[in-house]
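In what follows, a structure is listed as structure tokens, so that the remarks can point back to it.
The values are calculated or read from the model by the stated rules, or taken from the named source; none is laboratory data. Nothing here was measured: the structure is a model prediction, and the numbers come from that model. So basically every Cβ, Gly included, is an ideal-geometry build from the backbone, and we count neighbours across all protein chains shown.
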Amino acid sequence: MSKIEDIVDTLENKISKVLHKQDILKKTNAQLTDKIEKQQQEIIKQQEQIATWADKYDTLKIANSMLGSDENKRETKLKINALIRDIDHCISQISE
């Protein structure tokens, strides 16, 4: 009987260790999942900031070219022409 009790005790100890490791892994997994979510939110915020700065940069380029900068004159002329076409289209729709 002593051998059987020793085997059962050994099995209980091993099962206890496995369950303990499982709990640790579950906690680690939860922490990593939270960290991933935070990182994804940070990425989204940074992408929004990039888009905002890109818009500001484009606006600044147009403003600089209107002030006489030769670098972006072509882009500015194209933008102005597109705006004029839009205005002409709106006027023609109102006239009808």
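What the table below lists for this structure:
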| item | result |
| --- | --- |
| Flag for residue 4 being assigned to a helix (DSSP H, G or I), more than 30 Å from the chain's Cα centre (by Cα) and of a type outside the set (Lys, Arg) | yes |
| Residue satisfying all of: in the stretch 54-96; part of a helix (DSSP H, G or I) and of a type in the set (Ser, Thr, Tyr); modelled with the highest pLDDT among these | 57 |
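Quick grid of which residues meet (1) acidic (Asp, Glu); (2) loosely packed, with under 10 Cβ neighbours inside 10 Å:
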{"site": "14", "(1), (2)": "no, no"}
{"site": "29", "(1), (2)": "no, no"}
{"site": "32", "(1), (2)": "no, no"}
{"site": "37", "(1), (2)": "yes, no"}
{"site": "41", "(1), (2)": "no, no"}
{"site": "52", "(1), (2)": "no, no"}
{"site": "67", "(1), (2)": "no, yes"}
{"site": "79", "(1), (2)": "no, no"}
{"site": "93", "(1), (2)": "no, yes"}
